[in-house]
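The structure appears below as structure tokens.
The values are calculated or read from the model by the stated rules, or taken from the named source; none is laboratory data. Computed from a predicted structure; not experimentally measured. Cβ placement follows ideal geometry from the backbone for every residue including glycine, while neighbour counts extend to all protein chains displayed. SASA here: full protein model, heavy atoms, side chains in, ligands and nucleic acids out. Shrake-Rupley method; radii C 1.70, N 1.55, O 1.52, S 1.80 Å.
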Amino acid sequence: MGIAENYAAALKRIAGACARAGRRPEEVTLVAVTKTVEVAAIREAFQAGVRHFGENRVQEAGDKITGLMDIRPAFTFHMVGHLQSNKAGLAAKLFDVIESVDSVKLARALNSRTARPLPVLLEVNVAGEAGKSGMKTDAVAAASREIALLERLKVEGLMTVAPVVGSPEMVRPVFRQLRELRDSLGLKHLSMGMTGDFEVAIEEGATMVRIGRAIFAPPR
Ligand SMILES: *Cc1c(COP(=O)(O)O)cnc(C)c1O
């Protein structure tokens with residue numbers, strides 16, 4: 001299967017998960033994650049209809065974007081990977097939304113390096129995994145309040161990368177916990193779910209799913 005077919009199949013699975021959960025497919029945005037993917041394949045996905053792309057490294061995103069300038073105004077570019085404060089300026093220039101704000105320090109750096117309003121999500125390490133980025137759940141409310149005071153940052157929701165486990169059902173409680181946290185903060189977006197678990201994430205309320213392999217990986 002090619003990229004267009006993969007994309008169509010992913011949309012179908014999203015629609016199925018929405019139907020099971022009594023949700024509308026328009027409530028869920030598919031963000032195609034293009035790390036390690038060539039510019040030609042990104043173009044192919046764009047031609048198939050993808051309008052949200054995600055990258056996890058500033059350097060790689062910067063290298064690729066020069067080859068996509070003709071279509072750049074027509075898609076939304078998401079930063080989904082760990083971001084260091086010293087790359088905040090470049091990230092704010094490259095991306096339309098930063099999904100991986102994991103500290104007040106990084107939020108301040110982004111705020112001071114951007115001239116325009118910048119939508120952000122707060123990344124949460126829901127399961128408290130060691131060595132993984134993201135705020136601890138009990139730190140999110142205070143951080144969100146502080147970040148909301150920064151003039152140019154718009155806190156639009158929460159994001160998580162779920163633990164890698166044997167079956168998607170095992171991460172359902174993680175997704176549910178993030179949704180409850182999002183609700184308690186009165187935020188809009190919930191970015192959760194990847195190739196291995198996006199249907200469960202949608203059943204638990206995801207508004208953005210970040211999908212890489214299901215769209216770009218060659219068939220096995
Ligand atoms: C790579 C990546 C994804 C996509 O993962 P797949 O398993 O390929 O769908 C989503 N989110 C983040 C933060 C990633 O780094």
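For the reader, a short list of remarks on this structure follows.
- A 1.4 Å probe run over segment 41-87, with the rest of the protein chains in place, finds 48 Å² accessible per residue.
- Probe 1.4 Å, protein heavy atoms only - accessible area per residue of segment 95-189 in square angstrom: 48 Å²
- Other-chain or far-sequence residues with amide H under 5 Å of Leu153's (modelled H): Leu118
- Prolate/oblate/rounded call for segment 1-45, Cα gyration tensor, a/c under 1.5 rounded: prolate
- With the simple spin-label model, which puts each label point 7 Å out from Cα in the Cβ direction, the Val39 to Ala139 separation comes to 3.8 nm.
- Distant-in-sequence amide H partners of Ala162 (H built 1.01 Å from N, under 5 Å): Gly193
- Separation of the Lys12 and Glu169 label points, Cα + 7 Å toward Cβ, nm: 2.4 nm
- Projecting the alpha carbon convex hull of the chain along each direction and taking the average yields 11.8 nm².
- Across Lys93/Lys154; Lys64/Lys154; Lys64/Lys93; Lys93/Lys136; Lys64/Lys87; Lys35/Lys154, pairs whose alpha-carbon gap is larger than 19 Å: Lys64/Lys154; Lys93/Lys136; Lys35/Lys154
- Packing, taken as the mean count of other beta carbons within 10 Å per residue, orders the peptides 157-165, 181-189 from highest to lowest as 157-165, 181-189.
- Here, segment 157-220 yields an orientationally averaged convex hull projection of 4.3 nm² when only Cα atoms define the hull.
- With every protein chain in place, segment 77-220: carbon and sulfur % of accessible area (1.4 Å): 54 percent
- Set of aspartates and glutamates with alpha-carbon distance to Lys105 below 12 Å, sequence-local pairs under 8 removed: Glu146
- About the Cα centre, charge dipole magnitude for segment 97-147 (Lys/Arg +1, Asp/Glu -1 at Cβ), debye: 260 debye
- From phi via Karplus (6.51, -1.76, 1.60), per-residue ³J(HN,Hα) for segment 206-212 in Hz, x at Gly/Pro: 3, 9, 9, 10, 10, 10, x
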